[in-house]
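One structure is given here, and the rest of the page talks about it.
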Amino acid sequence: MGFEKATPDNLARTIEPGSPDSSSVSIIIVSWNVAGLLRDCLLSIQQTVDNAAIEIIVVDNASRDETVAMLRHEFPQVVVIANQENVGYARANNQGIVRARGDYMLILNPDTQILPGALAAMAAAFVDDPDVGIVGARLTNPDGSVQHVSARKQRTLAYTLFCYALHLDALPKAGDWFVRRYYSDYDYGVSQAVEAVSGAAMLIPAHLLRRLGGFDEGFLHTGEDIELCERYRRAGLKIYYASDARIIHFDGQSSKQAPRRSVVNGTLSGEHYFRRCGGRRDAWLYKAIIMAVQAPFMLSIGLVKLLLRLETSTDFKNRWGTAVVIWKWRIYED
């Protein structure tokens, strides 16, 4: 596939269907056991973007379903990297980044559906401000409600304690205050510079990915995207949220297939984030909060639900098993 050299102006102008020109955009999708959602994602790309303008790369992390066969049969134009083992989200994305030839790269989750005009709206941010390094989209649930991950603050130890360990953000009424204070107080109806956007959909110039690096492969599960945003901000670049770039996100579909691994490895990844972005002291404090507060609180909630017959004994045993692995601070592998 040959590409015309893209600039921010022609990227924003020509990315819509029917354009006579082509822009150099590589869409990188990491997939694991979500063949149906991936199919819908690719169809949404076909329906909203000029196929001549893009390269699509799917990195499959050893799916056990029909993902690879489906791709090769139904989407022969898609470049497929079929891993023989699950190498994780960060490393798989980096495989796609190395393979990609586009001047811009769209990191996209397989459980998304792109709506008309979304990519053009994301690309326009680079036209308006040359200091923009990463552009994120307005991610919505199927009912149209905006997901907080679309534009969020960086992680802090206070967020870890109040929202992650104690789940005070889930409280009726009061929870909204904790969300605004520690997670996101942005107006999702306004395009603006923010601290972090979600890796479910982020557009990045390829030269920045090559100069500043792709995803940190030290992450086991989650956190890679906000660390990337922080790294780019420290390099003097802006992280931008494009309100008009609307993408439906069926959040967490792969994680639901391996819930304990997702919880444990996601928790361990938090320590890596704080070590990278805050230093050894913050990493130690994070680990202390998890072991002394989050794990016991999780078991206490489970015990109350068990006594009230809102959970079964099997559910509580699963909670206990998860807590034990976290206390041992051990990577969870199926």
Original post:
Which residues, taken from segment 166-176, are in a helix (DSSP H, G or I), of a type in the set (D, E, K, R) and surrounded by fewer than 17 Cβ atoms within 10 Å (Cβ to Cβ)?
Top reply: D176
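Test G302 against the criterion of being over 25 Å from R99 (Cβ atoms), surrounded by 18 or more Cβ atoms within 10 Å (Cβ to Cβ), without any contact (Cβ under 8 Å) to a residue 60 or more places away in the chain and among the small types (G, A, S), and give yes or no. It would help to see each step written out before you state the result.
Details: over 25 Å from R99 (Cβ atoms): yes; surrounded by 18 or more Cβ atoms within 10 Å (Cβ to Cβ): yes; without any contact (Cβ under 8 Å) to a residue 60 or more places away in the chain: yes; among the small types (G, A, S): yes.
Considered against the rule, which asks whether it is over 25 Å from R99 (Cβ atoms), surrounded by 18 or more Cβ atoms within 10 Å (Cβ to Cβ), without any contact (Cβ under 8 Å) to a residue 60 or more places away in the chain and among the small types (G, A, S), G302 comes out as yes.
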Original post:
So which residues in segment 47-89 are part of a loop (DSSP other than H, G, I, E, B) and of a type in the set (A, V, I, L, M, F, W, C), if there are any at all?
Top reply: V49, A62, F75, V78, V87
**OP:** Would you mind listing the helices (runs of 4 or more DSSP H) fully within segment 194-280 where at least 2 residues are at pLDDT 95 or above, more than 17 Å from the chain's Cα centre (by Cα) and not assigned by TED's automatic domain parsing to the domain that holds N93?
**Re:** 259-277
**OP:** Looking only at segment 146-165, decide whether some residue is over 30 Å from I301 (Cβ atoms), in the same structural domain as D60 (by TED's automatic domain parsing) and surrounded by fewer than 22 Cβ atoms within 10 Å (Cβ to Cβ).
**Re:** no
Original post:
So which of V179, V194 ends up being within 22 Å of T112 (Cβ to Cβ), surrounded by fewer than 22 Cβ atoms within 10 Å (Cβ to Cβ) and not polar (S, T, N, Q)?
Top reply: V194
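Every residue, every condition in (1) in the same structural domain as N265 (by TED's automatic domain parsing); (2) more than 16 Å from N265 (Cβ to Cβ); (3) not in a helix (DSSP H, G or I), yes or no:
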site: Y286; (1), (2), (3): yes, no, no
site: A292; (1), (2), (3): yes, yes, no
site: A295; (1), (2), (3): yes, no, no
site: M298; (1), (2), (3): yes, no, no
site: G302; (1), (2), (3): yes, yes, no
site: K305; (1), (2), (3): yes, yes, no
site: T314; (1), (2), (3): yes, yes, no
site: E333; (1), (2), (3): no, no, yes
Subject >> Residue that is farthest from D129 (Cα to Cα), among those in segment 202-215 that are touching a Lys or Arg at 6+ places or on another chain (Cβ under 9 Å) and surrounded by 18 or more Cβ atoms within 10 Å (Cβ to Cβ) >> reply: F215
Original post:
Just one of the numbered conditions (1) at pLDDT below 95; (2) surrounded by 14 or more Cβ atoms within 10 Å (Cβ to Cβ); (3) not in a loop (DSSP other than H, G, I, E, B) is not true of G96; which one?
Top reply: (1)
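The values are calculated or read from the model by the stated rules, or taken from the named source; none is laboratory data. Computed from a prediction, not measured in an experiment: that's the story for all the values here. Methodologically, a virtual Cβ is constructed for each residue, glycine included, from the backbone with ideal geometry; neighbour enumeration extends over all protein chains shown.
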